[in-house]
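Q: The structure is given below, and queries will be raised subsequently.
The values are calculated or read from the model by the stated rules, or taken from the named source; none is laboratory data. What you are looking at is a predicted structure, and each value in this text was computed from that prediction instead of being measured. A quick note on method: Cβ atoms are made from the backbone with ideal geometry, for glycine too, and the neighbour counts reach across all protein chains shown. The accessibility values were calculated without ligands, DNA or RNA, using every heavy atom of the protein model including side chains. Shrake-Rupley method; radii C 1.70, N 1.55, O 1.52, S 1.80 Å.
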Amino acid sequence: MVSPTIEVLKSEIPLEQELVVLPQDVTGLVLVDISNGFCTVGAGNLAPREPNSQISEMIKESERLARLFCEKKRPIIGFLDSHHPDKPEEPYPPHCIAGTDEANLVPALRWLENEPNVTIRRKDCFDGYLGSTEDDGSNVFVDWVKKNQIKAILVVGICTDICVLDFVCSTLSARNLGFLTPLKDVVVYSRGCATFDVPLQVAKNTKGALAHPQEFMHHVGLYMAKQRGAKIASEVSFDAPKKLRAS
């Protein structure tokens, strides 16, 4: 059953999604925080307490795309929250502590660690772009884009309105400033993204908690990403590599 509040939200800030056709030979896949600490039931303070259909679909779609990209030997970068115990990420409780299974990929994606086309970047902040910065000032994500001559990225993961959105916003700003040549398109796949659910009544009865209705915030996160310049895809497909196209 769709909440009347969600219906009002979608009527007030409607989000047009599209079928996006991506160039197979110059597209990279970005996986944001698809870790146990955010996705596996009971795995930590920010993990779901019970099975969640939106999160399950996100994992399923992300795995499908990851396998497709690996079959085509296309580049993938996966960001994983990985925090030190003495460096909290307010306003959230301790989560995805470095060295624990919370900070690892979910079981459905663990195989990616052994794939040669996959780069795993552990980060200690919301934003994967900023979290890719090294001590010498270089940036793992920027280098990944340039090395692979990526012109489009397809973004999936969790949370739609937090880590996904923060990464998308920073990436679009960097692209606009010319830091990410040849990147042109940032595509967020809606069914490949998810966020968490804290109903208002639960938040009222939990010290320090903020209400975070899942469907509401998922919609807002996608809307804000589009407002920044991302393409929001309801479906994605890929054209043929240039060498296979008819002349």
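Q: Do any residues in the stretch 154-171 that are under 19 Å from R64 (Cα atoms) have Cβ atoms under 6 Å from those of residues that are charged (D, E, K, R), where the two are at least six apart or on different chains, and which pairs are they?
A: Short answer, once both residue conditions are applied: G157/D33; I158/D33.
Q: If a residue must be under 30 Å from A240 (Cβ atoms), outside any strand (DSSP E or B) and in contact with a strand residue (DSSP E or B) (Cβ under 8 Å, 6 or more places away or on another chain), how many such residues does the stretch 73-103 contain?
A: Looking only at that region, the number is 2.
Q: Also, I was wondering about something else. So, in the stretch 1-17, of the ones that are over 19 Å from E57 (Cβ atoms) and in contact (Cβ under 8 Å) with a residue 24 or more places away in the chain, which residue ends up most open to solvent (accessible area, probe 1.4 Å)?
A: E16
Conditions (1) exposed (fewer than 15 other Cβ atoms within 10 Å of the Cβ); (2) among the small types (G, A, S); (3) in contact with a Pro (Cβ under 7 Å, 6 or more places away or on another chain), marked per residue:
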residue: I34; (1), (2), (3): no, no, no
residue: G37; (1), (2), (3): no, yes, no
residue: E50; (1), (2), (3): yes, no, no
residue: Q54; (1), (2), (3): no, no, no
residue: E63; (1), (2), (3): no, no, no
residue: A66; (1), (2), (3): no, yes, no
residue: P75; (1), (2), (3): no, no, no
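Q: Also, I was wondering about something else. Restricting the stretch 50-70 to residues that are over 30 Å from D25 (Cβ atoms) and assigned to a helix (DSSP H, G or I), which is farthest from the chain's Cα centre (by Cα)?
A: Let us first name the residues in the stretch 50-70 that are over 30 Å from D25 (Cβ atoms), namely 50-56.
Narrowing the set further to residues that are assigned to a helix (DSSP H, G or I) leaves 53-56.
Values: S53: 17, Q54: 14, I55: 12, S56: 14 Å.
Only one residue fits best here, namely S53.
Q: How about the stretch 39-48: which of its residues are open to solvent by 20 Å² or more (accessible area, probe 1.4 Å) and hydrophobic (A, V, I, L, M, F, W, C)?
A: Residues satisfying the conditions are V41, A43, L46.
Q: With the requirement that a residue be closer than 26 Å to F141 by Cβ and part of a helix (DSSP H, G or I), what does the stretch 1-49 give you?
A: Listed by number, the residues that qualify are Q24, D25, V26, N36, G37, F38, C39.
Q: A further question on this structure: Inside the stretch 114-233, counting only strands (runs of 3 or more DSSP E) that do not spill past its ends, which hold 1 or more residues that are of a type in the set (V, I, T) and within 13 Å of the chain's Cα centre (by Cα)?
A: Working: elements: 118-123, 152-158, 185-194.
In the stretch 114-233, 152-158, 185-194 are the strands (runs of 3 or more DSSP E) which contain 1 or more residues that are of a type in the set (V, I, T) and within 13 Å of the chain's Cα centre (by Cα).
Q: Can you name the number of the only condition in (1) farther than 20 Å from V140 by Cβ; (2) open to solvent by less than 30 Å² (accessible area, probe 1.4 Å); (3) among the hydrophobic types (A, V, I, L, M, F, W, C) that F167 fails?
A: Single failed check for F167: (1).
Q: Just for the stretch 103-146: of the residues that are in contact (Cβ under 8 Å) with a residue 60 or more places away in the chain and either touching a Pro at 6+ places or on another chain (Cβ under 9 Å) or open to solvent by 40 Å² or more (accessible area, probe 1.4 Å) (or both), which one is nearest to V26 (Cα to Cα)?
A: Within the stretch 103-146, the match that is nearest to V26 (Cα to Cα) is V145.
Q: Return the residue satisfying two criteria in turn: it lies in the stretch 170-193 and is of a type in the set (A, V, I, L, M) and open to solvent by 10 Å² or more (accessible area, probe 1.4 Å), and of such residues it is nearest to H219 (Cα to Cα).
A: So, considering only residues that are of a type in the set (A, V, I, L, M) and open to solvent by 10 Å² or more (accessible area, probe 1.4 Å), the one nearest to H219 (Cα to Cα) is L183.
Q: Would you be able to tell me the number of residues in the stretch 71-89 that are farther than 16 Å from G44 by Cα and either of a type in the set (F, W, Y) or over 18 Å from the mean Cα position of the chain (by Cα) (or both)?
A: Selection size over the stretch 71-89: 6.
Q: Restricting the first residue to the stretch 212-225 and requiring it to be of a type in the set (V, I, T), which pairs with a second residue that is surrounded by fewer than 24 Cβ atoms within 10 Å (Cβ to Cβ) meet a Cβ separation below 6 Å and a spacing of at least six or different chains?
A: V220/D161
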